[in-house]
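Notes to accompany the following structure.
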Amino acid sequence: MSGRVFSYGLLGLSILALVGRASLALAVPNVYSDGSDGAFAPTAATTTIDLDLATTGSWNQPGNGNGVYDPAKWAVVFKYSSVNIAAGKTVKFLNHRSGAPVVWLVQPGDITIAGTVDMKGGTGDRVGGLTTPGPGGFAGGRGYVDANNKGCAGRGPGGGGHSPTGIGAAGYAYAGMGTAPGIAYGNARILPLIGGSGGGGNAASAHSGGGGGGAILLACAGTVSIAGTVDVSGGAVYAYGGAWYAGGGSGGGIRIIANRVIGVIGSPIGLLAPGGAGETLKGSAGRVRVEANTINLTGNSVPDYTWIEPLDNDTAVLWPPDTAPRIRVVTVGTQPVPADALGQFNPPGDVLLVTTDPQPVMMEANNVPTTWLVKLRVTQRNGASSTIDAALVSGDETSSVWQATLTGIPLNDFVVVQARATGL
């Protein structure tokens, strides 16, 4: 059994103040970049960044050109002195083994994107495989191949469903479409930084769901100039004979923090986070957020961006505060879940169970009121997903323990469990 551990407590509500501004001081933000990853100015027509080359450590330690993966923040962080992606140049990514999103911290220079930053979710196929997401997004569900490979729901907090009676597109900014839609999650400020979820695979054919779009934070002490494209679109579904047979992936997240943000946006260029195509099974749009002292963007992003102008202090808010709600799975049965669980549908898994007996799943929560709803989403590699209500075992709002009971899990298969806490 494998279990991807995320802090889903924050995702259900707009916990942070998103609109009100108390100060009009135009303070240049400190984005904590020492420039140790150098100036990023790719010269090839297509440059692919392998996120798995990142050093594992603390996000604020110096980089070596490949970034730093911080398991506690679940992000691959690059500290550039400047970024210049010229027209006609495209930057793509190979996912980190954890699936983490991307953070670019840039100072003292600027970020100029005249070319393309491509973090789209993959398009579903017709061979029954998981569909690759963009970095920070989640895989599209497998389609049905045979009795031993029945396919599955989309991955992620808003993964589209998969069952003999229904398929669902992925949710994010709002719920997905279909008879088994993925739920909405997240907040307008995209704190924590997280991408789109995967669409559900077909339960009667090998058509797989679209992958979720990726997530990126562009934080710059100077100017972010957009004359090209940042694309975190959700993955589409393979169309066969004019029909769509699986759920589209949801769009991902784009967050920008800077002293000044300028540019011309609007399809086919700009800030793109639409859901993956699928007609009645289209995935939800993702989220686009802009926070700056001066915003001069012509046109609309897809979807429309939310914004703060001006910034309220000189310290960029990169991560959720310590007081934000958090919840994580800590044990399944008697087995501890690794702090940096990978949640993959392949060996060796994060937790190994040797029995089909019901198993307790224990979750630890911080800053979660005991009146909230805590649930466990269970996604089988072969079979339908389900949601299990958890019960409070002990504790208070500051720190609490919750339990759900996992039943009917077959041996010789893989399951991903995800904890979620939401207000009433």
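FYI, it's all coordinate maths here, none of it is from the lab. Note that the coordinates shown come from a computational prediction; the quantities given were computed from them, not determined experimentally. We place every Cβ from the backbone using ideal geometry, glycine too, and count neighbours over all the protein chains shown.
The ranking of L392, L130, L373 from fewest to most other beta carbons within 10 Å of each one's beta carbon is L373, L392, L130.
Exposed loop sites here are trypsin sites (Lys or Arg not before Pro) in DSSP loop states with at most 13 other C-beta atoms within 10 Å. What is the longest stretch of the chain lacking them? Please report the intermediate quantities before stating the final value.
Details: sites that count: R21, R97.
Segment 98-424 is the longest.
With a Förster radius of 30 Å applied to the beta-carbon distance between V354 and L94, the computed FRET efficiency rounds to 0.30. Mean sequence separation of contacting Cα pairs (under 8 Å, at least six apart), scaled by the length of the stretch 17-319, corresponds to a relative contact order of 18 percent. For the chain, modelled as a GNM whose springs connect Cα atoms under 10 angstrom apart, the maximal fluctuation among L376, L297, L105 occurs at L297. Per-residue Cβ neighbour counts within 10 Å put V401, V374, V232 in the sequence V401, V374, V232, beginning with the fewest.
Computed extension gain for T370 through R126, at 0.36 nm per residue and net of the alpha carbon distance, reaches 83.4 nm.
About its Cα centre, what dipole magnitude does the stretch 323-422 give when the only charges are +1 on Lys and Arg Cβ and -1 on Asp and Glu Cβ, stated in debye to the nearest 20? Intermediate values should be presented prior to the final figure.
Working: 6 positive and 8 negative charges, 48 e Å.
Charge dipole, the stretch 323-422, about its Cα centre: 220 debye, nearest 20.
Extension gain for V393-A339 works out to 17.3 nm (0.36 nm per residue, less the C-alpha to C-alpha distance). Taking other C-beta atoms within 10 angstrom as a stand-in for reagent exposure, F414, F138, F78 fall in the order F414, F78, F138, fewest first.
Using the structure shown, list the pairs from K79/K120; K73/K120; K120/K375; K150/K282; K120/K282; K92/K375 with a Cα-Cα distance above 25 Å, or answer none. Before the final figure, lay out the partial values.
Working: K79/K120 23 Å; K73/K120 22 Å; K120/K375 29 Å; K150/K282 22 Å; K120/K282 15 Å; K92/K375 35 Å.
Violating the 25 Å limit, Cα to Cα: K120/K375; K92/K375.
I need the shape label for the stretch 269-414. Rule: rounded when a/c is under 1.5, else prolate if a/b > b/c, else oblate, with a, b, c from the alpha carbon gyration tensor. The shape class here is oblate. In order along the stretch 380-394, the Karplus-derived 3J(HN,Hα) couplings, from 6.51 cos²θ - 1.76 cosθ + 1.60 at θ = phi - 60°, round to 7, 5, 10, x, 6, 8, 8, 10, 10, 6, 9, 10, 5, 9, 6 Hz, and Gly and Pro are given as x. For the chain, a crude dipole built from +1 on the beta carbon of Lys and Arg and -1 on the beta carbon of Asp and Glu, taken about the Cα centre, is about 580 debye to the nearest 20.
You can think of it this way: the chain between S386 and E309 has 23.6 nm of extra reach, that is 0.36 nm per residue less the Cα-Cα gap. Please work out the FRET efficiency for the pair N296 and T179, using the Cβ-Cβ distance as r and a Förster radius of 56 Å; give the result to the nearest 0.05. That gives a FRET efficiency of 0.80.
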